[in-house]
Each structure stands twice: as structure tokens, then as C-alpha cells.
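Notes to accompany the following structure.
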Amino acid sequence: MNHWLIVPVVLPATLAALTVLMFRHHLFLQRVFSTTGTAALFLISLGLMVRAGGGAVEVYELGNWPAPFGIVLVLDRLAAIMLVLTTLLALMTQLYAIGSGWDARGKHFHALYQFQLMGILGAFLTGDAFNLFVFFEVLLIASYGLMIHGGGARRLRAGTQYVIYNLLGSTLFLFALGTLYAVTGTLNMADLAVRVAELGPDHSALIRVAAVMLLLVFCVKAALLPLHFWLPESYANAPAPVASLFAIMTKVGAYSIIRVYTLVFPPSLPATADSFGVWLLPAALLTLIFGTIGILGAHRLTRLVAFAAIASMGTLLTAISLFTEQAMTAALYYTLHSTFATAALFVIADLVRAGRRDADDLITPAPAPPARNGLLAALFFAAAIAMTGMPPLSGFAGKLLVLDAARAALAMGPIWAAVLISSLVAIIGFARAGSTVFWKTHPPDPNPAPDEGPPRTPGALALVTGCALIAPLILLSVFAGPVTGYLADTSAQLYAPQGYISAVLHTPGVAE
Amino acid sequence: MSLFLIVLLPFAGALLPGLLIRAGRNVCAATTGAVTATALLGLIVNAPAVMRGQSLTARLDWLPALGLNANFHLDGLGLLFAGLILGIGLLIILYARFYLSREDPMGRFYTFLLLFQGAMVGIVLSDNILLLLVFWELTSLSSFLLIGYWSHLPESRQGARMALTVTGTGGLAMIAGMLILGNLADSYDLSVILTRKETIQASSLYPLALVLILAGCFTKSAQFPFHFWLPHAMAAPTPVSAYLHSATMVKAGLFLMARLWPVLSGTPEWFYIVATTGLVTMVLGALIALFKDDLKALLAFSTVSHLGLITMLLGFGTKGAAVAAVFHIINHASFKAALFMTAGIIDHETHTRDAQRLGGLRRLMPVTFAIATITALSMAGLPFLNGFLSKEMMLEEAAHTAWLGNPWLVPALATAGALLSVAYSLRYLVHVFLGPERDDYPTRPHDPGFGMWAAPALLVVPVIVIGIYPAVAEALVNTTATAVIGQDPHVHLKIWHGLTPALFLSVVAVAGGALLLSVQRPLARLWDSTPRPEAKTMFDAAIAGLAGLGNRVTDGLHNGAITRYAAIFMVTVVAVGWHAYGGGALGAETRALSQISPVAWIGWAVLVIATLGLIRYHRNRLRALVLMGVIGLIVSISFNYLSAPDLALTQLSVEVVTIILLLLALNFLPEITPPETPPLRRMRDMTIAAAAGLGAGGLIYLLMTRDFVFGTISDFHLTRSYKGGGGDNVVNVILVDFRGYDTFGEITVLGIAAIVIYAVTEALLDSPVRRRLLHRQPGHALAGDAHPMMMVIGTRVLMPIALMVAAYIFLRGHNQPGGGFIAGLVASIALVMQYMASGFAWASERQRYPYHGIIAAGVLLATATGVGSWLADRPFLTSNFGYFRIPPLKEFELATAMGFDAGVFLVVVGAVMLALESISRMARRQDNEVSPYPMDIDPARETTPAKET
């Protein structure tokens, strides 16, 4: 019996519970255990990715009940990639939280962090639609806790909006699941795939409604326009390491779309064929455009990054909504890229803020921080290059892959125009912000007001993690060939769901 | 040396100057020079082979899925450009060492410079057009850094952003163009593309690809109407201007046009777009240059003009013109870089570059004067200097070119351009060096040290040598031109071609130019008084407008009103759902409607009335809460009515706990919610809400009147519940066994929620919010008896009973309605009652285990039960059960699921109590009077208790 599949859920749950039970007053112990746990999760995820690399789909039947009656965990290439991505990001942002002291600004940071990981990883691993809902809840409530970590009026206000909006999404999720179950009588995704395909044309109206509602739920998570309203305020006001980790949260939405709409409602399915294709692509392009406009219009660095995150989701969803194997490879590559680019920018914005006292992260001229303005400027420059899709970092390859994949599409013209023009606007926006923050400085006030201490200078660990977050963007670019190779295999697996379905439904069940 | 290494060296070496600046400026400059020299050496080693006609390649797969590969090749064109980039680069490094002052961060300068250099070398050696794009964009980025080098100057920042924006625009257009081109040629490798001329030009996409690629070239090479960024880029230090904006970067567009000349040229589109743009740029640039007083601006516009000239030649599409273009690239690079350096020297030594404030420098700065004279005359195209030769060739080609059938337009305009060129070149000499010496220079001018004039002096050498003995350049021109036009042109460069039309035009140009210069001053006054579109103002206004628009759009849309967000959400869901529904087919109803019993009618009526009441009275929070309680109750009852006793029990206890917690929270809220939205918007929201409600109701109706299409998975659960899960109560077996994993997740959610509540209140404890809450005057008088005796006694009696009920419900859960969740809620209610009766402080003193721990213990217990099945080599949460008999008890069942359920129980108790505790803490003050007694009035006590703290 191979239990590794459940470890990404059980390990963080156990760690979080232990943290609360035994050392909720010992920050040092929390840091040690939590970081070790995250590092272990990363290594385990790597191991799982190697296993999944062979192309076999592994199934873990919880409670030893066979699918579709019990819940199963499924490991395929896609799930494995998302695990590795999440845990690597989590490790870095956690180190940043420790290095910057963010984790000490409120209670239970590390416990919530582990619960958050449990929720995200569980969502990637599950093969059951209702269980996906459960883990959406886990990650939502944990993320709410992390978001308002440290308190403050603005943050609490943003957090309330965040949780209310997402609860709307959760409610819709339940409606979607109810409809789905009422028509098909099952919740296992592989089983759903089989049954939905067999469904007669008479039942198409209701299954279409279910498919669309489910898609909208995922679009809320993925911040697709006009369901993105929860994102800008909450990301801009979340503690930096949390905002940074949240780069993966929108990807949970994207992942779910990829999973469900290649497996259960593939584009080839006649019943749902024209129910979402017509609006998903235009909405994705609008997301890209509005996100970019937000970059240009932002007054704060964090808000700028939040809109950049929306824009990058727009590009990503554009690629997804093409629903071809080639476009999926591009989408997956872009997922990896945009996660790290967003995360890096949030961390860098926080490092900037730390040295700027009153100016905070406002995009206005301010006294240059006494130390490391150059390093921060370089980091910002690099991350902005990645985010705007300029070479040599991964954004460029990602953008080219998306453009290339859109070539065959009917809407090639609009897609190309939107992607390229928004790149330009993003470049302008980032250049304006960067040149104001890093170049338009005035010398520090020689006689600071007595009550102001020296500006906080970020510690070495915080700076190192800031740099480390750029590293994946470089590596993704340098090793773009092998990476896209693995991702091409992944999308091939996604577009041949028979392997997934038979693995889930034909794994022998209970030893009775 | 490998081509990879030549390209990589500047990049790899870019880190060195930034580090070595700590060892001093000389070390820093020398290292930078060494890096460039090594790369140049590597290039020279390969030169003989290229001159023999070979072309070298180096290939490495990078992103094969896309066709983006690290393929390099070196042919004549690449050799020429790489040589210019590295050779002039070396001189610039030398020049910059003496140009930059002590205050300038030199390490950073050289780092940026090397990055730029690497990107340029990459462009000219790329054999893959996508790879070329990578380097292309890199030059935009590195030039952004270089132009903005003096970042404290506003014009530097603005110039840098403008250059980035304009060249970035072109770059993005070019991405599209290259992707189309690669698709037409079925390869992104230049060596392949260059062989596919017919296919590419036959395609209907050719014009589009051409326009997009040319957009990139024109922006980079500052062609009209994109020329405006170049003068503003002059805010950069002069070495940058000399390097980027005369010798290299602005030639990248020309390079690319030359590179793609074999496949793209020869069509009318090419001719009319490229030649016309070039022609217009040449004349316009020269005209503006004539009136610029800033020496660098003068040179900048002269560069624009010369770039236009070369563009025009490439646009002619004839082989002769292409050869002339190549030759002029060489010549222009040499004299213009030197000229820029002289402008820098003048600026450096006199502290001004305003032609109005200069003049008479020839005696004060003789060396500079000499260099400037030779190079400026070359720029003017006077004989025995290299500029003359290529200008003659240009005029010769122009003389044979008709534009829309008009044979004299091109020659006339070309001559006009040459004439203007003579005028501004001479002006550079006359207005700066000639004339009387002045006594109002900002500082006393003198020649710079050798280090500073060495570089331009070196550049003078080719200007003279080629000018006098052009045959030395023949080999290079032929090799380069071979790479462009695909065959060796066997051109012979000579000074005297006989009495050709070109010579005649040239004479006209020189004479006219000299004449024009004599009336420059009055013309300049006229020029200044004529209104002209000012590119920078327009550009700034456009960008500011765009940013302002962006700000209004985003801030206007994201105004933080959750009602609006929710409204948009609802509308979207309803609209999209309706669209999906409309496109599908709906089968007939398969279930008959059942009879409605009177009980159901009553329940329904109460539900509707309570809901309407809630809408009516929702501004009064307490009343709203009561009505919500009613609704919850009806929902619980209807669960029971519909044969779901487990759900009913759960719902009931959840209602109780929720209402209690909400009551506590109401304590901190005003009694009345004031209306915040205007009536019209309320109407809008009402409509949306009604639509959403009707949609949900309609959907549920449709679902309930139809059978499942397939057999459901619950049949399996029903049949296996007892045999496989050891319980008769299927709901409970589903919760703890079939889908125990879901429950595992949900209890985690509950636990997290409680922890979050704790964390939030903890964050609020020190906030001004709490102080305000504590000092709030209650709206009405509080009851004097906070802990009434009746309630205290009642709850004490109830507590053991309630706990017993909880235990009972817990134990019977597997077979009868009940289970850990409900039991947990009941137990919490028992505890909450004590808090309500005797107050928070009294109760929590009697509570030994922290609620945090209880939650955590519950999660751990559930996890441990799940993990326990690993011991039996079964998956997580596999249950086992058995029947035992301990006399005198009857046979009873024990299941591992009970451990799991106990975990659920603990989490529920802990979560509810932690939430309660957290909310209560908000209301407690440090100076709160805590009574040691369970109730305020106790007849058993002798006296009224003395209040203690």
C-alpha cells in the first residue's frame, strides 16, 4: 500500500494541530516545525512528480471504498506539477514571512499556514467533486485567517469583502454540485465523465446549467472578469508573504477549470459544447485588458501587483479557453511562470515598503532608503520584466507559447492584439511605477522627526528569499525546453482522459 | 571562439564591473574593456573564414516546442555589425572612463553597458528570429537603464520611459510579425527563412507581417513618425548617446531590414513603405537638426536623418542600393560616434552644449576641433572622407529611382536631404569652433586629457583612410553585401566615378548647404516662431491621459462596495446560467407532484411570512435575528418532515449555537442598521435578488420533478452501510466512513474558523475599535441582574442532563440519528449555558483545558484514527468494527469510526467555545469587576457581596 498520496494532506493537518496544541506560544518552535514540514512537503511532491512522470495515474481510495462510492485521491502529471509548484512557493514565502517578521505580528500564523497548504494540496489531489468543495472551504477559511493576519482596519475591511465574496462562490458551488448530482447521481469526477458522456440529449439543459455554474465558481477563484472583485483589495492589503502565497490561489481556480473541463465536460462534449466557449474567451481577454489598465492606474505598488496578477490570470485563462492540447501546454507553462512572478512582486513591494516609512508602498517620490535601494530596484526590474513578458525571463516564453497556441484559433486577431497591447501597457505601467519609486527619490531627510526610529531594514533572510523568488523565473526560462516537454506530456494526458477514468473506476475496491 | 561564447561573454562579464568598482575605477574600466576585447578577439579569429565566404553556425535547442532555439550564425553582415558593436564598444568604454565623474556610479554604468552590448551582439548573430526577438527586447530594456542612468534628472527618467515605450511598442509588433513570418516560412531559423522568398511573398499575410516587422525596425531606428524618442534619449550620458544612439542600437532596425532584405524586399509594399519612410525621415531629420541649438540634439536629429538615408537605400530594393546602404552603415558609425564624443568633450569641458553659448573654440580646444572638423566634413559628404563615398552612391541610386512614376521626386528630395546635411554639419563647426572667442563660457574651455580624445581620434582613422583609399573597405563591403543580397556584388569603391548625375547633385548639395548655413540664424527665428506639433507634449499627454483613465476606470469600478460586487456576481450567474439553460433540451417531468399536507402548508406559510418579515424588519438587528431563528427552525422541521432526522437534529443545534453567538456579536453593534443606499439602488438590488431567487427556485423545481438519469451512488451506501460500515444509520456511516474524508476536511474548516475568530479578536484587542466599543453608551438601560439566580440554577441542573444527552447521541450515532457532530453541539450548548448564566469570568475560571487544545486534539484524534489504518496496510480512514460482549452487558459494537467521531466531537466543542470565548474577550475590560460568586443575588449569602476585582 502506497500512502504517499495522502501525506500532502495529513502532514500539514497534523503539524497545524500540533502547533495549536503544543506550542502556540512558542514562535521559534512554530517556525522550525512549520518550515521543516513545508520543506518535507516539497520533497514529497517532487517524489510524486517523478512517479507521475511515467504517465501512470495513481489512485488512493480513502476508507478503502472503491470509486465512485468513496472518495479517491488521484495523482496524475497535472496534480503532481501543481503540488510541486505550491510547495516550492510555500517554502519560499514562509521563509520570507519568518525573515520579515510578518509571522510574529498576529496569532497562529504557522498553524493557519499549514492548514492553508492542506486545503490547496487537498484540492489538487482529490478526484471527487464534492471533496473539491470541502477543500475549497478549507483553503478559503484558512486564507481568510491569513489574510487578516496582523489586523488593521484596512486589512480587516478587505478581508470581510474577500470572505463574503468567496462565500457567494461557495454557495454557488453547492448549487452546482446539487444540480450535478441530481442529474447524474454521482460525484466522482471520473464517474461523472462517463455518465455525462452517456447522457441523452434530453437532459442537456440541466447539465449545461450545472457545468456553467461550476465553471463560474472556478472563475471566481481564478479572478475572471467580472467575478474578480474580491481580488484587488484583498491581495493589496494582505500581509506580503500571504499575498505572495495567494499567487497560487487563483491557480487553484485555473487548475479546477482545466481538470473538470478536460475530464467531465471536455470541449468535444456536444451537450455543453457551446455553453461556455462563447463567453469564456472574451471574458478572459477582458480580464487581461482590465488587469492591465489597473496596472497603469494604480497608486500603490501592492495594488499594481494585484492588478498584474489579474492580468496574468487573463492571459492564462485565454490560453485555457482555447481548449486545445497545445494551448494547454502554454497555459500550464504560464501558470508556473505567473505564480512565481506574482509572488516575487508582492515580496519585493513589501521590501520596498519596509524601507520607505511614511510613503509606504505609494507610488510617489520618497526619500531613498539608506541601504539596498539598488538591490531592490534590480529585483523589481527583474520581476517586472517577467511579469510584463519581456525576455529573458519566463514571461516571454510564456507569452510566445500563448500567442503561438492562439494561431489556430478563430479569434487569433483579438487574442494577439490583446496580449501584445496589454504587454505594452503593462510595460508603461511598470516603468512609470519603478522609475518613480526607485529613481525619483530625494535624499533622506537629515533631521528626521525624533519619534521616527530608523526605517526598518529587511533582514538578510527576507532579502535572500526576495532574490530566491526570481530564481524560478530564470530557471523556467533556461530550462524551457524540458519544462514544456513535461507539460506537453501533461496536456496529452489531459486530452486522453481515458487513462484517468479507467484508473479511477477500475482500481479494485474493498477487500471484503 | 564559439559563437555562444562571443554572445555570452558580455552578459557573463556584466557582473564584474559592478563588483570590481570596489577596487577602483581603473580596474573597473579595464575589466570591462577586457571582457569586450576578448569577445572582439573571438570575433576576429573567426573573421578570415567569413571573409572567405564561409558562414559559421552554432546551434542549441532551447524551446523546441515553439521553435525558439539558441541558434547563432556568423556571416558577413553579422561580422560587420558585431565588429562595430564590440570595436566601438571598446572605444566607448575607454571614453566613458574619463567622461564619468567621481560621483557617478561607474560600476553600474559598465554593467548596463555590457548587458546592452551582449544583447546587441545577440541580435546580429542570431540565426533564429525568436531568439533575435529576445535580444531585441533586451536592448530596449538595457537602453532604458542606460538612458535613465542619471536617474535624479527628470529628463533622464522621462527619456528612458519614452524610449522604452516607443521601442517596446515596435518590439511587440515585431513579435507578432516574426510569429507570422516564421509560420509562413515554416521555420523560425533565418537560414531557412531566407530561402523561402517566393512562399512568403505569395502569402496573403505577407503585407501584415511586413508592416509589423517594419514597425519594430522603424521604432528602433527612429524612423518617422517614431523618431521623436531619440532626441529625448540624449539625456543619457554622452558615451551612451555615442554608442547606442549613433553606432549600434539605432542601427538594429537597419540591421534587421538588411537581414530580411532577401525575403521581404522587392515588392511594391516594401518599396513604398520603406523607401518613403526613409526619404521622409532623412529630409525631416536633417531639417530639424539644422535648427537645434543643443549639440547632442543636433547630432541626434542628424542621426535620424542618416538612418533615414540608409532605410531609404534598403527600401529601393536594388542590389546597388543595398551595397550603398551597407557602406554607409560603416561610414556613419565611424564619423557619428566620433562626433558624439566631441560633443561630449565640449559639454564636459565647457559645461554647456548650447550652440548659442559657444563659438570660437578652435584655438582653445585644437585637438577636439581637428577631430570634429574631419568627422563633420565627412558627415557633410565632402570628398576624401568616407561620408562622401557612400553619399555619392546614395545620390546615384536615388537619381535612378522613380516614385509612383515620378522620376525627379526622389532625387530632388535626396539632394535636399544631402544639402541640409551639409548645412548642419558645417553649422556644428562654424557655430561651435569658428567665430570670435567669447568671454562668457561657463568654464574656461581646454582640450581634455588624452584618455578622452583617444577614442574619437581613433575613429577618425577609418574616416580618412577609407575616404582617401576606399579599396581598403572593399573586402568588408563585399562580404557584408554578399550576406544581404545573396551574391557577391564585386563592387569597386572609388572616389572618382566621372561626371555622373550624383556628382552634380553633390555639388548642388554642398553649395546649397553652405548657402543655407549663412541664413541659418534668421531662418531659425522663423522656425522657432512657427507652431509645430511637439512630440513630447503629445506623448506625455497621451500617457498621462491613459494613466488617468486607467485610474478612473479601476478606482471607479473597484470602489469597495460589496453590494455592487455581489450584484454583478448575481447578474453574471443568472445571465450565464440562463444562456446555458436556453441552449439545451429539457426532458419531460418524470415525477408526479405529491399532495401537500396541511402541516406542509403551515410550515411553508410560516417560512414565507418570516422571510418577508425579515426583509421588512432587517434594519432592527435583534428582530432580524429572531426572525432568522424562526426560519432556521422551520428549515429544521422540514428536514424532519422530509425524513432526514439527522439533518434536522444537526440543523437545530447549529441554529441554537449560531443564534447565541450572533446575540453576543449584536452586543457590539448598533441596534439599527441605517439605510446607506438610495431607494433606486435598493430597487435595483431587489430586482437582482428576485431574479437570482427565482432562478434558484426554478432550477430546484426542475431538478425535483425529474428522476436521476442513472442509478445513484447512494444505493451502494444503503446496501453496504451495515455490512461494510457496521452501522444502520447510513447518514452517520457516510459521514464517518464512506465519506469520512469530507468530514475530516469539514471539521478542519470548523477548527480553522474558530482559530481565525480568535486571531481576529486578538488583533482587535489593542485597536481603537475596541476602546470605542467599550466606551459606547448602551441605547437603553441594562438589566440590573446580570446573572439571575433562576437561570444559574436552571443551567446547573440542565448541564449534566445535557451532557448525558450528548453522550447518548454520540454513542447511538452509528445506528440511530446522532453522532459526534450533533453531540458536540449539544455539549457546547450545555457549556455555553453556564457562561450565559454566571458570566464569562466565573465560568472560564472553572475550565481547565484551553479550547485551542481541544480543537487541536480533535483534529489530531481524527487524523490518528485515519492513520491507524496504515498499520493494517489499508488506506487512510479505513474503518474496522467488531461486536463485543462484556457480561453483564448486552452485546455491543465497537468501531474505529468512533475514534474519528470523537475527534469530530472535540473539534465542534472546542470551536464553538473558542468562538464564544473570543467574542466575550472583546467585552471584557482590564478593570472589569469580576464577581467571585456564580450569581449576583444569593439569599444564602449573608450580605451583598463586596465587589472584588
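About the Cα centre of chain B, what is the dipole size in debye to 20, counting +1 per Lys and Arg Cβ and -1 per Asp and Glu Cβ, all else neutral? Intermediate results must be reported in sequence, preceding the final value.
Numbers: 61 positive and 56 negative charges, 239 e Å.
Roughly 1140 debye for chain B.
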Gain upon complete extension [B:Arg532, B:Ala600; 0.36 nm per residue less C-alpha separation]: 16.2 nm
Using θ = phi - 60° and Karplus 6.51 cos²θ - 1.76 cosθ + 1.60, couplings along region B:368-378 (whole Hz; Gly, Pro as x): 4, 4, 4, 4, 5, 4, 4, 6, 5, 5, 5
Helical contribution to [θ] at 222 nm, DSSP H n ≥ 4, -39,500 (n - 2.57), averaged over the protein assembly as shown, rounded to 500: -23000 deg cm²/dmol
Per residue accessible area in Å² of the protein assembly as shown, where ligands, DNA and RNA are left out and the probe is 1.4 Å: 37
Whole-Hz couplings from phi, Karplus 6.51/-1.76/1.60, listed for region B:421-435; x for Gly and Pro: 4, 4, 4, 6, 4, 5, 4, 4, 7, 5, 7, 9, 9, 8, x
Cα-only radius of gyration and Dmax that characterise the protein assembly as shown, units Å: 37.8, 134
Charge dipole (region B:729-949, unit charges on Cβ, about Cα centre) - positive-most of B:Pro768, B:Ala897, B:Tyr808: B:Pro768
Tilt relative to chain B, helix B:789-812 - C-alpha long axis, 0 to 90 degrees, to 10: 80
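Over chain B, what is the mean sequence separation of C-alpha contacts under 8 Å (at least six apart), divided by residue count, expressed as relative contact order in percent? Walk me through the intermediate numbers first.
Values: 1419 pairs, mean separation 73.2, N = 949.
Relative contact order of chain B: 8 percent.
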Folded to 0 to 90 degrees: helix B:386-399 orientation relative to chain B principal axis, Cα: 80
Distant-in-sequence amide H partners of B:Asn128 (H built 1.01 Å from N, under 5 Å): B:Asn71, B:Leu190
Proximal lysines to A:Lys440, defined as alpha-carbon separation beneath 22 angstrom and excluding residues fewer than eight positions away on the same chain: B:Lys536
Region B:565-631-region A:98-143 distance, computed between alpha-carbon centres (Å): 32
Signed unit charges on C-beta, dipole axis of the protein assembly as shown, positive-most listed residue B:Thr530, B:Gly159, A:Gly395: B:Thr530
Base-10 log of normalised Debye intensity for chain A (one unit scatterer per alpha-carbon) at q = 0.06, 0.07, 0.10, 0.13 Å⁻¹: -0.26, -0.36, -0.73, -1.25
Phi to ³J(HN,Hα) by Karplus 6.51 cos²θ - 1.76 cosθ + 1.60 over region A:24-30, Hz, x for Gly, Pro: 6, 9, 10, 4, 4, 5, 4
Computed label-point distance, nm, for sites B:Leu549 and B:Leu694 using a 7 Å Cα→Cβ extension: 3.8
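Quick one: dipole size for the protein assembly as shown, taken about the Cα centre, charges +1 on Lys/Arg Cβ and -1 on Asp/Glu Cβ, in debye to the nearest 20. Before the final figure, lay out the partial values.
Values: 86 positive and 78 negative charges, 473 e Å.
Here the size comes out at about 2280 debye.
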10 Å Cβ neighbours from other chains, averaged over peptide A:428-435: 6
Dipole axis of the protein assembly as shown (+1 Lys, Arg; -1 Asp, Glu on Cβ), positive-most option in B:Tyr565, B:Thr199, B:Ala399: B:Ala399
5 angstrom amide H check on B:His787, placed H, neighbours 5+ away: B:Asp936
B:Leu68 long-range amide H proximity, modeled H, under 5 Å: B:Leu63
With Cα atoms, 0 to 90° folded angle of helix B:679-704 axis to chain B main axis: 70
Debye, to nearest 20: dipole size of region B:729-949, +1 on Lys, Arg Cβ, -1 on Asp, Glu Cβ: 180
Overall dimensions of region B:30-185 by Cα: Rg and Dmax, Å: 17.2, 53
Label-to-label distance, nm, for residues given as A:Gln498 and B:Asp440 (7 Å Cα→Cβ offset): 9.1
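Go ahead and run the numbers for FRET between B:Ala644 and B:Leu765, Cβ-Cβ distance against an R0 of 41 Å, rounding to 0.05.
On the way: r = 41 Å, r/R0 = 1.01.
Working from the Cβ atoms, E equals 0.50.
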Taking region B:729-949 and dividing mean pair separation by its residue count, relative contact order in percent (alpha carbons under 8 Å, at least six apart): 30
Spread of Cα-to-Cα distances over 10 Å intervals beginning at zero, given as percent, for region B:275-518: 8, 33, 35, 18, 6, 1
Accessible surface of B:Phe226 - all protein chains present, 1.4 Å probe, nearest 10 Å²: 70
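The values are calculated or read from the model by the stated rules, or taken from the named source; none is laboratory data. Nothing here was measured: the structure is a model prediction, and the numbers come from that model. Please note: Cβ atoms are built from the backbone with ideal geometry, for glycine as well, and neighbour counts cover all protein chains shown. When the accessible area is computed, the model is the full protein with side chains, heavy atoms only, and any ligands, DNA or RNA have been set aside. Shrake-Rupley method; radii C 1.70, N 1.55, O 1.52, S 1.80 Å.
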